[in-house]
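Asks: Take this structure first; my questions come after.
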Amino acid sequence: MWDERYADPDEYAYGTQPNTFFASEAWRIPDGPVLFLAEGEGRNAIWLAERGHAVTAVDGSAVGLEKARRLAAERGVEIETVHADLANYPIEPGAWAGIVSIFGHLPPDIRREVHRRAASGLRPGGLFLLEAYTPRQLAYGTGGPPTAEMMMDLAGLRAELPGLELLVGQEIERRVEEGRYHSGLAHVVQVVAQAP
């Protein structure tokens, strides 16, 4: 499905600009390598690489990652890309200054395990940044997966990120304008969580 979504060589499905929540909070990420989960065509990872971070983008779509490499080259930056299924992707404990998940919607069992690994993958003081659609998004119809179980809420995320301190944790209504597939008023959860 994702290879199909990213197949058009002339269009980026979610645009080429970073997610606005991520961009507004990225200043908090300490120096060091940053891991992007379900990063697709690379817009967020490339934006952070332009600001001097070493970034790794993981995604299950080889097509999306090829477009990410192309966009990075056009912008004169390097990113590492890893083609992997997040269900099986090992996040090395204590390795990352930041881990970012922007609209990385996964089946609940896989999501819980990925978030557990992400929490343990942070260095001391490292940050986990996430924006995702909440189940209320189904009524908006402006993006996101078709089922509530693939979406997230703040209470669930608190449980899925053991040991992290929430610096930002909120569910809000906001406009999301990111390419063809995220367009319009939406209901999202936003998290910035820090490792001790």
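The values are calculated or read from the model by the stated rules, or taken from the named source; none is laboratory data. No experiment lies behind these values; they were computed from the predicted model shown. Don't worry about glycine lacking a Cβ; one is built from the backbone with ideal geometry, like all the others, and counts go over all protein chains shown. When the accessible area is computed, the model is the full protein with side chains, heavy atoms only, and any ligands, DNA or RNA have been set aside. Shrake-Rupley method; radii C 1.70, N 1.55, O 1.52, S 1.80 Å.
Asks: Can you pull out the residues in the range 24-42 that are open to solvent by less than 20 Å² (accessible area, probe 1.4 Å) and not in a loop (DSSP other than H, G, I, E, B)?
Replies: Residues satisfying the conditions are Ala26, Val34, Leu35, Phe36, Leu37.
Asks: Can you name every residue in the range 47-76 that is under 23 Å from Arg117 (Cα atoms), open to solvent by less than 20 Å² (accessible area, probe 1.4 Å) and either part of a loop (DSSP other than H, G, I, E, B) or not small (Gly, Ala, Ser) (or both)?
Replies: Leu48, Val55, Thr56, Val58, Asp59, Ser61, Leu65
Asks: I need the full set of residues from the range 77-98 which are assigned to a loop (DSSP other than H, G, I, E, B) and either without any contact (Cβ under 8 Å) to a residue 24 or more places away in the chain or of a type in the set (D, E, K, R) (or both), in order please.
Replies: Once the filter is applied, which keeps residues that are assigned to a loop (DSSP other than H, G, I, E, B) and either without any contact (Cβ under 8 Å) to a residue 24 or more places away in the chain or of a type in the set (D, E, K, R) (or both), the range 77-98 yields Glu78, Asp85, Asn88, Glu92.
Asks: Sticking with this one: Failed condition for Val176, given (1) under 15 Å from the mean Cα position of the chain (by Cα); (2) open to solvent by 20 Å² or more (accessible area, probe 1.4 Å); (3) under 27 Å from Ala49 (Cβ atoms), with all others met?
Replies: With respect to (1) under 15 Å from the mean Cα position of the chain (by Cα); (2) open to solvent by 20 Å² or more (accessible area, probe 1.4 Å); (3) under 27 Å from Ala49 (Cβ atoms), Val176 is out only on (2).
Asks: Of the conditions (1) among the hydrophobic types (A, V, I, L, M, F, W, C); (2) surrounded by fewer than 21 Cβ atoms within 10 Å (Cβ to Cβ); (3) touching a Ser or Thr at 6+ places or on another chain (Cβ under 6 Å), Ala119 clears all except one; give me its number.
Replies: For Ala119, the exception is condition (3).
Asks: Going by what's in this entry, would Glu160 be described as within 17 Å of the chain's Cα centre (by Cα), over 25 Å from Glu41 (Cβ atoms) and in contact (Cβ under 8 Å) with a residue 40 or more places away in the chain?
Replies: Answer is yes for this residue.
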